[in-house]
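Beneath this line is the structure, given in structure tokens, with notes to follow.
The values are calculated or read from the model by the stated rules, or taken from the named source; none is laboratory data. Keep in mind it's a predicted model, so treat the numbers as computed, not measured. Glycine gets a Cβ as well: all are built from the backbone with ideal geometry, and neighbour counts include every protein chain shown.
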Amino acid sequence: MKTFSVIAGREMRLALRNRSILISAAIFAIWFPVMSAFGVAAGARGDAATIAGGIAAITLPVGVFMGYIFCADAFLREKRDGTIETLLCTPVSLRRLWEGKAIGVAVPAYVMALISATVTIAAITAITGITVVTEPLLLLHLAAIVPVWIIASTGLIGAAQLALGMRENQILGFLLIFGFIFIILGLQEIVPGGPGVSLVTEGILAAAGIALIAFARFIAGKVTRERIVLTIP
């Protein structure tokens with residue numbers, strides 16, 4: 001557990017020191033929800049449940065994309081500068097290394113997702129005059145579903161970045177992030193009950209997110225040190 005906390009803490013500190021990543025994440029976290037707020041407000045027609053559903057629908061893809069932004073720096077950076085070779089010489093298992101790095105980048109990604117959700121709620125409240133911050137299902141969504149999917153995205157993308165070369169990762173990164181967003185939108189479309197948030201929707205999203213985390217952990221467990229060395233440029 002101590003090893004895990006050391007790795008996770010190191011990744012969090014590095015993420016918070018990287019100004020370019022923080023600026024990119026902040027711009028996306030503010031620009032995208034503000035632009036989407038007008039559409040949500042127009043389509044909701046004053047219904048608080050529909051507005052909460054719109055906010056939830058915006059926040060989850062934003063959180064996943066934040067995971068991608070921070071994850072790219074955490075895993076690929078060490079391949080580019082060669083420090084991954086030093087880490088591979090330590091007695092830490094690859095799965096524990098992957099777990100610590102994935103959680104370490106998921107924390108700042110989740111913080112940025114919460115900032116984005118706050119901006120979205122404030123913008124929609126200013127437009128419609130309807131306060132949805134106390135909607136219990138929206139709070140559940142922000143407190144449980146969003147972090148689960150962020151961990152799933154950072155874990156799966158991180159495992160792929162460990163196993164694949166630099167050129168393959170440039171292509172796969174975008175495919176994975178769009179795949180995550182496609183899954184989210186698809187799950188939200190097939191669940192009955194309209195555009196608002198519901199316990200059924202949250203339950204399905206939670207189950208899918210946990211399944212993706214398990215799949216990412218499985219992939220990370222199959223990566224070998226030899227495989228990583230072969231992908232270092």
#### Entry: Condition met for residue 15 (touching a Leu at 6+ places or on another chain (Cβ under 9 Å), under 20 Å from residue 180 (Cβ atoms) and of a type in the set (A, V, I, L, M, F, W, C))
yes
### Message
Any residue that is charged (D, E, K, R), at negative phi and at pLDDT below 80 - is there at least one of those in the range 3-23?
### Response
no
### Task
Could you check how many residues of the range 120-147 are part of a helix (DSSP H, G or I), among the aliphatic types (A, V, I, L, M) and within 19 Å of residue 198 (Cα to Cα)?
10
### Query
Quick one: is residue 104 under 20 Å from residue 145 (Cα atoms), in contact with an Asp or Glu (Cβ under 7 Å, 6 or more places away or on another chain) and either touching a residue at least 40 places away in the same chain (Cβ under 8 Å) or of a type outside the set (A, V, I, L, M, F, W, C) (or both)?
yes
### Query
Within the range 146-168, can you find the residues that are under 11 Å from the mean Cα position of the chain (by Cα) and more than 11 Å from residue 98 (Cα to Cα)?
146, 147, 148, 149, 150, 151, 152, 153
### Task
Name every residue in the range 197-222 that is among the hydrophobic types (A, V, I, L, M, F, W, C) and within 24 Å of residue 139 (Cβ to Cβ), in order of residue number.
197, 199, 200, 204, 205, 206, 207, 208, 210, 211, 212, 213
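Of all helices (runs of 4 or more DSSP H) completely enclosed by the range 13-119, which ones contain at least 2 residues that are surrounded by 21 or more Cβ atoms within 10 Å (Cβ to Cβ) and among the aromatic types (Phe, Trp, Tyr)?
On the way: elements: 19-44, 48-81, 83-88.
Ranges flagged: 48-81.
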### Query
Do any helices (runs of 4 or more DSSP H) entirely within the range 160-233 hold 1 or more residues that are modelled with pLDDT under 75 and within 27 Å of residue 53 (Cα to Cα), and if so, which?
166-190
